[in-house]
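The values are calculated or read from the model by the stated rules, or taken from the named source; none is laboratory data. Owing to the predicted nature of the structure, the values given are computational and were not obtained by experimental measurement. SASA here: full protein model, heavy atoms, side chains in, ligands and nucleic acids out. Shrake-Rupley method; radii C 1.70, N 1.55, O 1.52, S 1.80 Å.
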Amino acid sequence: MNEANQQAPLYNSKIIDIYLKLLDKKYPWVNQYDLLRHADMKPYQVADEGHWFSQEQIDRFYEKLVQVTDNTTIAREAGRFFAAPEVMNIMQQYILGMLGPTRVFDSLRKTAANFSRSSIYESKKLAPNRFEVTVTPEDGVTEKPFQCLNRQGFFEALPMLFTNKLPKVEQTECIFEGGSCCRYVVTWERTPSILLKQSRNLAAFLLVPATITTGFFSPWSALAIALPATA
């Protein structure tokens, strides 16, 4: 990666925010201000969901993070932590608004763009509960192995938002082992909670406009029947 690409804004502040929330919960002894200062990051930048950090800043952050936590796989732990209640934010609410993990992985390219500009994400459905995901770096971008670990944790977290169970993530190709991309196969258990959430979301999708329409023609029916049913 040349100097210009090393300084390019590639990674959204939400990534660092998740790391810091993980530290709050599991590594409270870590001095977060020193960690951010080492990476030339400011707290207000992390709090700004419109801010993006460079590869160099991310590398410096993670290098120091491993040093102070003595955990060489904390990147994967942080990826999984996306499913934790402490991380609930607009992005997570957006994902939960989809009709289950299948829709999430169908829309993965769009979802991933909220976190990273460094790579192209493609997903292919293999079964109702099984997807293949390929991540290909953009020209001139050189990621690090810990970012592959972080992705694996993130792919584990996405189904967990709906199932509360850890899915299986297999990596069949890796750019850090000579591959042309990072390729993952994600498989999750189809639980009753997924079906219930899908039914709830579909009912809301149909009932809300029906209630509004009923209100135009029969306000009393909308208040007495349609609105309680929708609620």
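Which whole-percent values make up P(r) of region 78-118 when all C-alpha to C-alpha distances are grouped in 5 Å steps starting at zero?
5, 20, 30, 31, 13, 1
Cut-off under 17 Å on the C-alpha distance; same-chain residues fewer than 8 positions from Lys25 excluded. Which aspartates and glutamates are left, in chain and number order?
Straight-distance partners of Lys25: Asp17, Asp70, Glu77, Glu86.
With a 1.4 Å probe and all protein chains kept in place, how much accessible area does Lys64 have, in Å² rounded to the nearest 10?
Here the accessible area works out near 50 Å².
Given 0.36 nm per residue, what is the gain on full extension from Lys110 to Gln7 after removing their alpha carbon distance, in nm?
34.7 nm
Gly179's amide H: which non-local residues (gap 5+, or another chain) put their own amide H closer than 5 Å, with H modeled 1.01 Å from N in plane and none for Pro or chain starts?
When sequence neighbours closer than 5 places are left aside, the close amide H contacts are Cys174.
Percent of accessible area on region 73-141 owned by carbon and sulfur, 1.4 Å probe?
That fraction is 50 percent.
Using modelled backbone amide H atoms (1.01 Å from N, in-plane), which distant-in-sequence or interchain residues come within less than 5 Å of Asn12's amide H?
Answer set, sorted by chain and number: Phe53, Ser116, Arg117.
I'd like the projected area of region 143-195, averaged over all directions, using the convex hull of its alpha carbons. Report it in nm² with one decimal.
Orientation-averaged projected area of the Cα hull: 3.7 nm².
Would you mind computing Rg(Cα) / (2.2 N^0.38 Å) for region 110-170, counting N as its residues?
1.18
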